[in-house]
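Take a look at the structure set out below.
The values are calculated or read from the model by the stated rules, or taken from the named source; none is laboratory data. The structure displayed is predicted, hence computed values, not measured ones. Cβ placement follows ideal geometry from the backbone for every residue including glycine, while neighbour counts extend to all protein chains displayed.
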Amino acid sequence: MEALRVEGLSRNFGGVSAVDNVSFGVEVGERLVIIGPNGAGKTTLFNLINGQLPATSGRIYFLGKDITTMPTHGRAHLGQARAFQIISLFLNLSVLDNALLALHGTNPYRFKLFRPMNDYEFISDKVQETLKALDLWEKKDELVKNLSYGEQRRMEIGLSLALQPKLLLLDEPSAGLTMEECSGIIDMIKNLGLEITVIIVDHDMDLVFGVAERIIVLHYGQIIADGAPEQIQADPRVKEIYLGIEE
Ligand SMILES: Nc1ncnc2c1ncn2[C@@H]1O[C@H](COP(=O)(O)OP(=O)(O)O)[C@@H](O)[C@H]1O
Ligand SMILES: [Mg+2]
């Protein structure tokens with residue numbers, strides 16, 4: 001079953017075709033990485049998938065449903081989550097409280113803000129599970145502001161995960177991270193359950209080749225290659241336009 005399908009998707013900004021007639025499908029559970037030079041249209045493509053920007057033309061299907069004109073909150077409700085580059089945590093609250101708040105939006109007790117903690121047992125299990133998967137359980141009582149930048153990034157992605165998304169969109173998760181922090185993010189992505197489909201935009205080759213089952217290369221808004229990592233690495237056009245730039 002397909003989690004996502006885009007068909008003939010385009011987005012223009014004045015005279016610029018930021019995304020130009022792009023078509024692809026993503027199977028449920030797939031780990032797709034999108035690469036391409038700066039300005040290739042990667043973030044714009046995410047904005048279209050997530051509904052931050054309307055498409056100029058083309059269609060977008062999420063789990064078989066046409067969501068082309070659906071607002072972002074509708075897509076979130078259907079199970080899309082996106083972790084932004086901006087850290088969006090409550091810095092003066094603990095790791096545990098941040099996780100509880102993130103889960104709060106989807107649990108049946110959400111209108112009873114002042115319930116004692118033990119009433120949250122149902123969510124606490126979920127929180128524990130999520131924080132353990134993120135390797136942040138040991139730090140559950142730490143204030144978020146005292147975490148490293150890498151841990152904050154992991155935490156932030158963790159909060160989008162707490163909402164149990166079906167599709168996770170990560171735009172440059174390695175940005176600003178040390179190599180060690182980046183490898184933490186790679187592990188975290190690898191530990192995600194296969195019920196979550198993951199699409200990642202990133203430049204870090206350890207991350208790209210560490211998690212990708214498939215890579216799409218964008219160039220001037222168009223797909224110039226789409227295939228398994230080995231295929232992409234061997235593709236002469238990709239080497240010339242993209243990987244060549246890295247060398
Ligand atoms: N809001 C916008 N208004 C005008 N042009 C934009 C806007 N967003 C992106 N662009 C242009 O669209 C192209 C693709 O940008 P972007 O999607 O950010 O690329 P990438 O994420 O691959 O670096 C670039 O030429 C960029 O200048
Ligand atoms: Mg971008």
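So here's what we get for this one:
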| item | result |
| --- | --- |
| Pairs where the first residue, in the range 71-84, is closer than 16 Å to THR43 by Cα and the second is aromatic (Phe, Trp, Tyr) and part of a strand (DSSP E or B), C-beta under 9 Å, 6+ apart | GLN80/PHE62 |
| Tally of residues being closer than 15 Å to ILE186 by Cα and either within 16 Å of ligand 2 (Cβ to nearest atom) or not assigned by TED's automatic domain parsing to the domain that holds LEU9 (or both) across the range 196-247 | 8 |
| Count of residues meeting criterion [touching a Gly at 6+ places or on another chain (Cβ under 6 Å), surrounded by fewer than 16 Cβ atoms within 10 Å (Cβ to Cβ) and among the acidic types (Asp, Glu)] in the range 8-48 | 0 |
| Spans of strands (runs of 3 or more DSSP E) in the range 1-113 with at least 3 residues at pLDDT below 95 | 80-83 |
| Any pair with Cβ under 9 angstrom, 6 or more apart, that starts in the range 1-29 at a residue that is in the same structural domain as THR68 (by TED's automatic domain parsing) and basic (Lys, Arg) and ends at one that is surrounded by fewer than 14 Cβ atoms within 10 Å (Cβ to Cβ) and not in a loop (DSSP other than H, G, I, E, B) | ARG5/SER23; ARG5/GLY25; ARG11/SER57 |
| Residue match in the range 66-81 (condition: within 9 Å of ligand 1 (Cβ to nearest atom) and over 16 Å from the mean Cα position of the chain (by Cα)) | no |
| Test for LYS42: is it among the basic types (Lys, Arg) and within 16 Å of ligand 2 (Cβ to nearest atom) | yes |
